[in-house]
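Input: a single structure, listed below in structure tokens.
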Amino acid sequence: MRAKTIKLTLKIVLLLLLQIWVFNDLYLFRYASPYPYLTILLLLPIATNKISCTFLGGILGLLLDIFSGLPGFHTASFTLVAFARNYLLIPFVDADTNISKSISLRRNTGRAVFLLFEFIIIHHLILFGLDALEGFNFRYIALRFVSSVAFTFVLSFILLLLLADNESEPS
């Protein structure tokens, strides 16, 4: 149990550092900016309670805001997605699911991809909605939203494949 906790903590720290040092400065065609740190929520065990998940989302969002110089955008968006995580997981958990593990990519690739897409859409709606309050240019915000969703999805899926536990669950 301790080894799994240490391994998960290292993955969270790795994703957070990648977001701060690499992905915060990465812009594709001046529009798309990736936020693959959302993958953290899929790496957590399914049994993680709502309070712990929300608290983790708030702390990680605050750390991202501190290091990226934003006034609470990541804190608000990541906390909301972390809060909604357990509600969004309900349709994906059945009687055969081992809730002490994260979502199995081997058994539920389509489900995990759809859940990741839901996380990204919710996160980006809040993030870019708050960003739009500074100055509203609908075309620019819409283009940035769509391109960032696509870029984040591709990078998050690759990171999820690399970082997810590949243990097979008993059927």
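The values are calculated or read from the model by the stated rules, or taken from the named source; none is laboratory data. A quick note: this is a predicted structure, and the numbers were derived from the prediction, not measured. Backbone-built Cβ (ideal geometry, glycine too); neighbour counts: all protein chains shown. Protein only, heavy atoms only, side chains kept; ligands, DNA and RNA dropped before computing areas. Shrake-Rupley method; radii C 1.70, N 1.55, O 1.52, S 1.80 Å.
Structure summary
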{"read-out": "Rounded to 10°, Cα long-axis angle of helix 138-163 versus longest principal axis of the chain", "value": "30 degrees"}
{"read-out": "Longest to shortest principal axis, alpha-carbon extents of segment 1-149, angstrom", "value": "48, 28, 26"}
{"read-out": "Per-residue SASA entry for Val146, accessible area with 1.4 Å probe, Å² rounded to 10", "value": "90 Å²"}
{"read-out": "C-alpha long axis of helix 109-132 to longest principal axis of the chain, angle in °", "value": "30 degrees"}
{"read-out": "Listed residues Leu89, Phe29, Leu14: farthest to the positive end of the dipole of the chain (Cβ charges)", "value": "Leu14"}
{"read-out": "Helix axis angle, 50-68 relative to the chain longest principal axis, alpha carbon, degrees", "value": "40 degrees"}
{"read-out": "For the chain, the longest site-free run once chymotrypsin sites (Phe, Trp or Tyr not before Pro) in DSSP loop states with at most 12 other Cβ atoms within 10 Å are removed", "value": "30-135"}
{"read-out": "Nearest-10 value in Å² for the accessible area of Asp25, using the 1.4 Å probe", "value": "120 Å²"}
{"read-out": "Most positive-pole-ward Cα, Ser100, Leu125, Leu62, against dipole of segment 42-171 from beta carbon charges", "value": "Leu125"}
{"read-out": "Within segment 1-69, trypsin sites (Lys or Arg not before Pro) in DSSP loop having at most 13 other beta-carbon neighbours inside 10 Å", "value": "Arg30"}
{"read-out": "Where Thr48, Thr109 fall by accessible area, highest first, once all protein chains stay in place (1.4 Å)", "value": "Thr109, Thr48"}
{"read-out": "Rounded if a/c under 1.5, otherwise prolate or oblate - segment 22-79, Cα gyration tensor axes", "value": "oblate"}
